[in-house]
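Taking it in order: structure first as structure tokens, then the write-up.
The values are calculated or read from the model by the stated rules, or taken from the named source; none is laboratory data. For clarity, every value in this text was computed on a predicted model and none was experimentally measured. No Cβ is skipped: glycine too gets one built from the backbone with ideal geometry, and neighbour counts run over all protein chains shown. These area figures cover heavy atoms from the full protein model, side chains too; ligands, DNA and RNA do not enter into them. Shrake-Rupley method; radii C 1.70, N 1.55, O 1.52, S 1.80 Å.
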Amino acid sequence: MRTKTLTLAALTLAAGLSLTACQGGGDSAASTTGSGASSSSADSSASGDSGASDGKASTGDDDATTTQSAEGSGNGQITTGTCKTENLDFSTTHGMGEGMLTIRLKNTGGDACTLKGFPGVDLRSQDASGPLSAQRSDLDAPVVNLADGETTRFTLHYPQAEGTGAYVSAIEVTPPNETHSKALSVSLRLQIADGADQKVVVDPVGTGKQ
């Protein structure tokens, strides 16, 4: 049985290509904190002419706190930055086509958050000595703003085996700009053939039919 381990010599080769999907530079939290409008009326107590303000009203614009509000699916809520793994609920379903797995991510953190980029996906097979890391597709990654309770998705494409093949019992998903992963139980059979590892491809979050 080890004579054709999924050209999963390529599997172990691809294991080094683990997609940590971190091309957003870490915390893209949209929370530029202003110092608050400081009212400077304390020390101008009794200085005679200082009571005349020449009709100029203080607008406080210089001290206004600026925040970035979510667009699109965020329902106008203020985002708290990148969606964290601990604040996401994961689920999987097989896609419409053969060799497709849909992974859904639901925001359960209580606040709106943002996802942008490719997730890291490692497939764990009983027929390989190490995990197989999915390659990135050539699709552009949209910005996905998720209000609390909202869901987005991405698709994993793999060469489906006809009959016997390398059995995958679990995948590990790392959301974009995150370092913590989530293990998900799956049941997939990968084709055993030269270059099969290069056909395991993941799309960016937010692409495909919702």
(request) Identify the residue in segment 134-168 that is in contact (Cβ under 8 Å) with a residue 60 or more places away in the chain, in a strand (DSSP E or B) and out of contact with any Gly (no Cβ under 7 Å at 6 or more places or on another chain) and, among all such residues, is least open to solvent (accessible area, probe 1.4 Å). (result) Ala166
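How do the strands (runs of 3 or more DSSP E) wholly within segment 83-130 filter down when requiring 2 or more residues that are small (Gly, Ala, Ser): which remain? Break it down stepwise before answering.
Numbers: elements: 88-94, 100-107, 112-116, 120-125.
So the answer is 120-125.
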(message) Out of everything in segment 66-88 that is over 10 Å from Asp111 (Cβ atoms) and open to solvent by 80 Å² or more (accessible area, probe 1.4 Å), what residue ends up being modelled with the highest pLDDT?
(response) Glu86
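Taking the condition aliphatic (A, V, I, L, M), more than 27 Å from Gly81 (Cα to Cα) and crowded, with 18+ Cβ neighbours inside 10 Å, does Leu115 pass?
Details: aliphatic (A, V, I, L, M): yes; more than 27 Å from Gly81 (Cα to Cα): no; crowded, with 18+ Cβ neighbours inside 10 Å: yes.
No, not satisfied.
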(request) Tally the residues that are assigned to a strand (DSSP E or B), open to solvent by less than 50 Å² (accessible area, probe 1.4 Å) and touching a helix residue (DSSP H, G or I) at 6+ places or on another chain (Cβ under 9 Å), restricting the search to segment 169-193. (result) 3
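Consider Asp203 carefully, then state whether it is of a type in the set (Asp, Glu), surrounded by fewer than 17 Cβ atoms within 10 Å (Cβ to Cβ) and in contact with a Ser or Thr (Cβ under 8 Å, 6 or more places away or on another chain). Spell out the reasoning first.
On the way: of a type in the set (Asp, Glu): yes; surrounded by fewer than 17 Cβ atoms within 10 Å (Cβ to Cβ): no; in contact with a Ser or Thr (Cβ under 8 Å, 6 or more places away or on another chain): yes.
When the stated conditions are applied, Asp203 does not pass them.
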